[in-house]
Amino acid sequence: MPGRLDRKDLAKYPFLKEAQEWVAGRTGSLPDFFSSNYGRIAARHAVERIRDAMEGGRPAAPGPERLDPDREVYAYAIARVLVSCTRDRLLMDRLSRYEAERASRYLADEAPATRALVAEGVGMPTEAGDLPVARYVELASHLKDDHWRLVNREVEKGRVTLGDGDLPDLMEERIRILLLSQLPLPVPPAICELLSPLSAELTAAHQQYLLREFGSVEEGAFPPCIRALTAAITSGANLSHSGRFALTAFLHNIGMNPIQIMELFARAPDFDAGKTQYQVEHISGRSGTEYTAPSCATMRTHGICTGKDSLCTRVSHPLSYYRAQKQWKKQGQDSADRAPDQPAGPGHGGDEYKEGQQVGHPRVTGKSHGEDQEKHDKNNKTHRTGQDIQ
């Protein structure tokens, strides 16, 4: 099959230009297509594809004998239309990641000739060699292992040398970035209206997913300042830089992982998945420096200390407030019911957190996605405060 891809290949790599041309040539009028029995069935497959992406599981990669080319290519195309109609940037990001990982699984077992055609289709080299520095940085910046850091790579004449095992990961990242850059599609409002029952179903399912994810953190124990920042995000308001930093650092300190934090910021009207991921991972320690949430004094300086209650007068750090509230809630007592002479923090220590102090992650109730991250040796990281980057 040198020089061309067949329909089974298009089912595995439906993002390629050949697959999209094949769909466009067979679909005709979109309203007529979505109103047909086949269109409704294809749309339902698209919804299931998005749900799989939403849950973050490993994408299915059935063998060629089990692939239905029509269903796979249509489901991919309609899934992109649906997430575009939801206007949910996080859902678009999840779908792009899902499709990239799915393609990567197929490419791992692909014939060299087919792998080369797919690589050419997404603008990647067909075999290990080198990449321009700018392209390499674009692809490797989100890969976590130190192996990918530019300072650890061989660079000559503006090009980064690639090893034999580098291409698969870079190819997956290239596919993810390419697909995400194409979203949202400019879907006509009439088509989004026609698909509104399905997009509403997806929006509701995504909200339920977020509720399950946040269930492991006791939001009821948040201090008033953090509740105000969370409420602002939820209502669609944009936060200041200091507000974003304080909220991200606090949520990281109480055990939420970067994906969970990003899902909260996805509600903001100016949400940018790539930019937010970089900022959240930077604050969470991706750069080797882990930041603690600002103290109450710093929050006041930046005008984000709001809604003070009686407990706020007895602590000097939002994390101390959170831990105290969790302790009292566990004992069935709210902070407002506590006698004035009772100690403010667990263990009668009053305020436990100071800016610049190393902060371990307080445990969250139930199993969280952040638990694996907590196992790393925090002694190898420097901990800094919000004042250092504000």
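Within region 221-246, residues that are at negative phi reach partners that are of a type in the set (S, T, N, Q) and at pLDDT below 90 with beta carbons closer than 6 Å, at six or more positions or on different chains, in the pairs 221/325; 242/390. Would you be able to say whether some residue in region 68-79 is more than 20 Å from residue 202 (Cα to Cα) and free of Cβ contacts under 8 Å to residues at least 60 places away in the same chain? Scanning region 68-79 turns up at least one residue that is more than 20 Å from residue 202 (Cα to Cα) and free of Cβ contacts under 8 Å to residues at least 60 places away in the same chain.
Of 46, 11, all but one fail to be within 23 Å of residue 95 (Cα to Cα), in a helix (DSSP H, G or I), at pLDDT 95 or above and not basic (Lys, Arg); the exception is 46. Would you mind stating whether residue 93 is acidic (Asp, Glu), in contact with a helix residue (DSSP H, G or I) (Cβ under 8 Å, 6 or more places away or on another chain), at pLDDT 90 or above and over 15 Å from residue 121 (Cβ atoms)? The answer is no for residue 93.
Could you list, in sequence order, the residues of region 260-282 that are touching a residue at least 40 places away in the same chain (Cβ under 8 Å) and in contact with a Gly (Cβ under 9 Å, 6 or more places away or on another chain)? 260, the sole residue that qualifies. Among the residues of region 122-142, those identified as over 26 Å from the mean Cα position of the chain (by Cα) and not hydrophobic (A, V, I, L, M, F, W, C) are 125, 126, 127, 129, 130, 132.
Note on region 149-172: residues that are touching an Asp or Glu at 6+ places or on another chain (Cβ under 8 Å) and in a helix (DSSP H, G or I) total 3. Applying the condition of being out of contact with any Gly (no Cβ under 7 Å at 6 or more places or on another chain) and crowded, with 21+ Cβ neighbours inside 10 Å to region 245-259 and asking which residue is nearest to residue 206 (Cα to Cα) yields 258. Scan region 227-254 for residues that are over 17 Å from the mean Cα position of the chain (by Cα), modelled with pLDDT of 90 or more and β-branched (Val, Ile, Thr) and the total you get is 1.
Within the bounds of region 69-80, is there any residue that is outside any helix (DSSP H, G or I) and assigned by TED's automatic domain parsing to the domain that holds residue 102? Step through it out loud before you land on a result.
Going through region 69-80, the residues outside any helix (DSSP H, G or I) turn out to be none.
No, the conditions are met nowhere in region 69-80.
In summary, residue 62 fulfils each of the numbered conditions (1) assigned to a helix (DSSP H, G or I); (2) free of Cβ contacts under 8 Å to residues at least 24 places away in the same chain; (3) under 19 Å from residue 8 (Cβ atoms) with the single exception of condition (1). The set of residues in region 72-90 that are modelled with pLDDT of 90 or more and not β-branched (Val, Ile, Thr) comprises 72, 74, 75, 76, 77, 79, 80, 82, 84, 85. If the condition is being surrounded by fewer than 19 Cβ atoms within 10 Å (Cβ to Cβ), on the phi < 0 side of the Ramachandran plot and at pLDDT below 90, then region 49-58 contributes 55, 57, 58. Of the helices (runs of 4 or more DSSP H) entirely within region 183-274, those holding at least 2 residues that are small (Gly, Ala, Ser) occupy 196-214, 224-234, 241-253. The set of residues from region 109-148 being within 17 Å of residue 5 (Cα to Cα), out of contact with any Phe, Trp or Tyr (no Cβ under 8 Å at 6 or more places or on another chain), assigned to a helix (DSSP H, G or I) and among the aliphatic types (A, V, I, L, M) comprises 113, 116, 117, 119.
The values are calculated or read from the model by the stated rules, or taken from the named source; none is laboratory data. These numbers were taken from a predicted model, which means no experiment stands behind them. Methodologically, a virtual Cβ is constructed for each residue, glycine included, from the backbone with ideal geometry; neighbour enumeration extends over all protein chains shown.
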